[in-house]
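To start, the structure under review is shown below, and the notes come after it.
The values are calculated or read from the model by the stated rules, or taken from the named source; none is laboratory data. Because the structure is predicted, anything quoted here is derived from the model rather than measured. Cβ: placed from backbone, ideal geometry, glycine included. Neighbour counts: every protein chain shown.
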Amino acid sequence: MKFYKKTSYAEDFRLFRDGAAAFWYALLALALVTAPFVLPTYYLSQLVLIGIYVVAGAGLMLLSGFCGQISLGHSAFFAVGAFTVAVLEKNGIPFPLAFLAAGILSAAVGFVVGLPALRLAGMYLAIATLAAAFIVTEVIVRWESVTNGSSGLNVAKLSILGFVADSEKKLYAVVAVVALAAMLAVRNIVRSPLGLAMMAIRDSETAAQSMGVPLMRVKLTAFAVSALLTGLAGALYAHKIQFIDPDQFTILVSIEFLVMIFIGGIGSMHGVVFGAAFVIALPQLVAVAKDYLPQTIAQQSGLQAAVYAIVLLAFILAEPTGLYGIWRRIKTYFSMFPFYRKGSQRRVKSFAKSETW
Amino acid sequence: MSLLEIADVGISFGGLRAVDGVSVSVEEREIFAIIGPNGAGKTTLFNLISRIYEPTTGRIVFAGRDITQIPPHEVVRAGIARTFQNINLFDNATVLDNLMLGRYRHCRSGLLRQTLFTPFVRREKLADRRKVEEVIDFLELGKYRDVLVAGLPYGVRKIVELGRALAAEPRLLLLDEPSSGLNVEETNDMVFWIQDLRDDLDMTIVMIEHDMSLVSAVSDRVLAMSSGRMLALGAAAEVQRDPGVAAAYLGGP
């Protein structure tokens, strides 16, 4: 059995709970550093994709997981980031500047998309953001002089001040640094007063407002930061795929992002990583499973989407805290050993209540 | 000059005059109770003061500043904190986080500093935490500090909500039915706390309350309302004797 004895207030908001936690994270960091030297290129390439999804997921987690604003428009920010970096680099602007511009432009689009959130909530907000995503995609398709329309754009290899990411290893290094920075940034916001204000908005707007939280400002900040990170992820994605066209940024991408944070565990930073790994690994698992399925099912084109739907439903019904919830239960089992009982981790059921004054 | 001056304030919802021409001044360090039957407009008056509703007529002046036009989130910055009749807490957060949000109005750091979690943010958070711990000590919430609000009994949630308002360090505290749903023991605690807040922390308190024993025990003045209008204003005993008040509760001749 393990006990935590706190001796200062600062312990409540430090990054690692204790020495043991710091040790495990150090080990994880070591594994990530050695990964490019031991893993075959295929797996490394999957890790790069996971890293890119972690960046976007950290953004969406802040908005949906912590601030409670659902968004089906994140494919738009992903697209804006990807196309900004591609177009700017085609015009000779170096990657670091183009990368920054991609983030800022996405944040600006996020700000605009966030405006309806001041009046809409839940399903209505989801539909409004979905509409915004369609508008953005349509603009990219039609604005052929800049984006090359449906024919798409080739993206050069990522290069930072002479460092050219011409191998998967080098790209991995860049993505790993950005993913780590994104996670840290969101974690910092979450443990700051602003993050608390976002959580307050999620649980009760009336109460948040009466305690001095400016709803408009905080919601728009959440949208902008979320879009910024997703835009940066899009910029990295463009360099990973090296060819982008509007068809890659459909509503399915938004859904993939949402599935990622829901299955990972809504409202947890661990969940972002678990969810990203899951979303990247699932298509491979589906491909493997195809060999064992009857022909009539395996040949269906919507198989992957159907699997997403089933897995998402299963999680929402059986384990709303997601993969992170499962992970935490396993951890608690060991840290409480041998005193763990079935009820130890039972969720407190609270139902959404309508706002009353 | 009075701390809170409400002058001829009124609001209509469609044809209904929910609050109609209420004028009242609350002095600094006063405990002021509002009573009245259901639908008298008591909570609506609170919502007008905390700017959730837009008054149709009248002015509300707090500490010499006209707050009739300020945005709702500025009200607590001006120095007015409130609780809600049906408890409006952040259910998926711990008691500590709920109280920490009470400190939000004192937050000085912006997005950039918070994203980098600079030493400034750290110091600010520690200072807030020390203030919150004072509130936790005062309200004896220590054993609930790290518990999620959603799982707490009603009486404790009520006290957490009071704590959140106190964490904001307001000059004026608006309590909407502080004793509703509390047992006798908890109500007694509430009486002590309300008196301590005035006597030790110099707070001014306006409360909506139905429990006349609590009202008589703590309040300096009582306002009785009915159908949005003022019925009687004065010491608790006077208001209770007022024939109009009895008629409002029991139905007049």
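Could you list, in sequence order, the residues of segment A:97-134 that are over 30 Å from A:THR206 (Cβ atoms) and either of a type in the set (Lys, Arg) or modelled with pLDDT under 95 (or both)? Within segment A:97-134, A:PHE134 is the sole residue that qualifies.
Scan segment B:126-136 and give yes if some residue there is within 20 Å of the chain's Cα centre (by Cα) and over 15 Å from B:MET100 (Cβ atoms), otherwise no. No: zero hits.
So A:ALA287 ticks every box in (1) under 16 Å from A:LEU60 (Cα atoms); (2) at pLDDT below 90 but one. Which box is left unticked? Single failed check for A:ALA287: (1).
Considering segment A:1-41, the residues that are within 13 Å of another protein chain (Cβ to nearest Cβ) and assigned to a helix (DSSP H, G or I) include one that is farthest from the chain's Cα centre (by Cα), namely A:TYR9. Of all residue pairs spaced 6 or more apart or on separate chains, those with beta-carbon atoms under 9 Å, a first member in segment A:184-205 that is at the interface with chain B (Cβ under 7 Å from one of its Cβ atoms) and a second member that is among the hydroxyl-bearing types (Ser, Thr, Tyr) and assigned to a loop (DSSP other than H, G, I, E, B) are A:SER192/B:SER109; A:PRO193/B:SER109; A:LEU194/B:SER109.
Which of the following residues is buried (at least 19 other Cβ atoms within 10 Å of the Cβ) and under 18 Å from the mean Cα position of the chain (by Cα): B:LEU201, B:LEU197?
B:LEU197
Working carefully through the options A:LEU252, A:LEU285, find the one that is without any contact (Cβ under 8 Å) to a residue 24 or more places away in the chain and hydrophobic (A, V, I, L, M, F, W, C).
Just a single option satisfies the conditions, and that option is A:LEU285.
Of the strands (runs of 3 or more DSSP E) that lie entirely inside segment B:26-114, those containing 2 or more residues that are within 14 Å of chain A (Cβ to nearest Cβ) and not hydroxyl-bearing (Ser, Thr, Tyr) span B:80-82. With respect to A:LEU30, is the statement that it is modelled with pLDDT under 95, out of contact with any Ser or Thr (no Cβ under 7 Å at 6 or more places or on another chain) and closer than 14 Å to A:LYS170 by Cα true? The answer is no for A:LEU30.
Here A:SER45 meets each of (1) outside any loop (DSSP other than H, G, I, E, B); (2) under 18 Å from A:ALA185 (Cα atoms) with one exception, condition (2). Filtering segment B:49-66 for residues that are under 25 Å from A:ASP203 (Cα atoms), of a type outside the set (S, T, N, Q) and more than 15 Å from the chain's Cα centre (by Cα) leaves a non-empty set. Within the set of pairs 6+ apart or on separate chains, which have a first residue in segment A:11-29 that is basic (Lys, Arg), a second that is surrounded by 12 or more Cβ atoms within 10 Å (Cβ to Cβ) and assigned to a helix (DSSP H, G or I), and C-beta atoms under 9 Å apart? So the pair list comes out as A:ARG17/A:GLU11. Taking the criterion of being surrounded by 15 or more Cβ atoms within 10 Å (Cβ to Cβ), more than 14 Å from chain A (Cβ to nearest Cβ), touching a Gly at 6+ places or on another chain (Cβ under 7 Å) and small (Gly, Ala, Ser), the residues of segment B:2-25 that qualify are B:ALA7, B:GLY10. In the set A:LEU228, A:LEU220, A:LEU232, only one residue is in contact with a Gly (Cβ under 6 Å, 6 or more places away or on another chain), under 26 Å from B:VAL76 (Cα atoms) and at pLDDT 95 or above; that residue is A:LEU220.
Counting only residues that are more than 7 Å from every other protein chain (Cβ to nearest Cβ), surrounded by 16 or more Cβ atoms within 10 Å (Cβ to Cβ) and among the basic types (Lys, Arg), segment B:123-138 holds 1 of them. No other residue among A:ILE330, A:ILE326 is surrounded by fewer than 12 Cβ atoms within 10 Å (Cβ to Cβ) and of a type in the set (Val, Ile, Thr) apart from A:ILE330. Among the residues of segment A:329-357, the ones that are within 14 Å of chain B (Cβ to nearest Cβ) and at pLDDT 80 or above come to 0 in all. When you scan segment A:210-220, how many residues do you find that are at the interface with chain B (Cβ under 7 Å from one of its Cβ atoms) and buried (at least 23 other Cβ atoms within 10 Å of the Cβ)? Looking only at that region, the number is 4. Filtered by the rule that a residue be exposed (fewer than 15 other Cβ atoms within 10 Å of the Cβ) and small (Gly, Ala, Ser), segment A:138-162 gives A:SER145, A:SER150, A:SER151, A:ALA156, A:GLY162.
Of all the residues in segment A:130-173, those that are farther than 20 Å from A:VAL109 by Cβ and among the polar types (S, T, N, Q) number 5. Of all residues in segment B:103-117, at least one satisfies being small (Gly, Ala, Ser) and touching a helix residue (DSSP H, G or I) at 6+ places or on another chain (Cβ under 7 Å).
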